[in-house]
Amino acid sequence: MKENSRLERKKQVQFAVGMAAIDGGKPSAFTQNLLNQYENGQVSSSQLKQAIIEKYARDLQ
């Protein structure tokens with residue numbers, strides 16, 4: 001698995017947030033916290049996705 005540099009992760013986060021903003025979206029505090037952790041290399045992209053899926057799946061029940 002390729003490790004992304006902090007700069008690459010930051011660009012990925014900015015792109016994702018920008019794409020959401022186009023549709024009028026804004027990350028929740030929960031999601032923004034996860035994005036910050038990803039940017040700092042504290043969680044992987046897989047962990048980020050899984051945490052978001054689990055959080056919002058629980059919220060829908």
Practice item. Output the residues belonging to segment 21-30 that are over 16 Å from Lys55 (Cα atoms) and either open to solvent by less than 40 Å² (accessible area, probe 1.4 Å) or touching a Gly at 6+ places or on another chain (Cβ under 9 Å) (or both). Key: Gly25
Exercise for review: Restrict the check to segment 46-59 and report whether at least one residue is touching a Pro at 6+ places or on another chain (Cβ under 9 Å), of a type outside the set (Asp, Glu), open to solvent by less than 50 Å² (accessible area, probe 1.4 Å) and assigned to a helix (DSSP H, G or I).
Suggested key: no
Review point. Would segment 31-45 turn up any residue that is open to solvent by less than 70 Å² (accessible area, probe 1.4 Å), out of contact with any strand residue (DSSP E or B) (no Cβ under 7 Å at 6 or more places or on another chain) and at positive phi?
Key: yes
Practice item. Six or more apart or on different chains, Cβ under 6 Å: which pairs go from a residue in segment 27-52 that's under 16 Å from Glu8 (Cα atoms) to one that's buried (at least 16 other Cβ atoms within 10 Å of the Cβ) and hydroxyl-bearing (Ser, Thr, Tyr)? Could you list them? Key: Leu48/Tyr38
Review point. Taking the condition at negative phi, in a helix (DSSP H, G or I), of a type in the set (Gly, Ala, Ser) and at pLDDT below 95, does Gly25 pass?
Key: no
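The values are calculated or read from the model by the stated rules, or taken from the named source; none is laboratory data. Keep in mind that what you see is a predicted model, and the values were worked out from it rather than measured. Neighbour counts run over all protein chains shown; Cβ positions are idealised from the backbone, glycine included. Note: accessible area is taken over every heavy atom of the protein model, side chains too, but ligands, DNA and RNA are not part of it. Shrake-Rupley method; radii C 1.70, N 1.55, O 1.52, S 1.80 Å.
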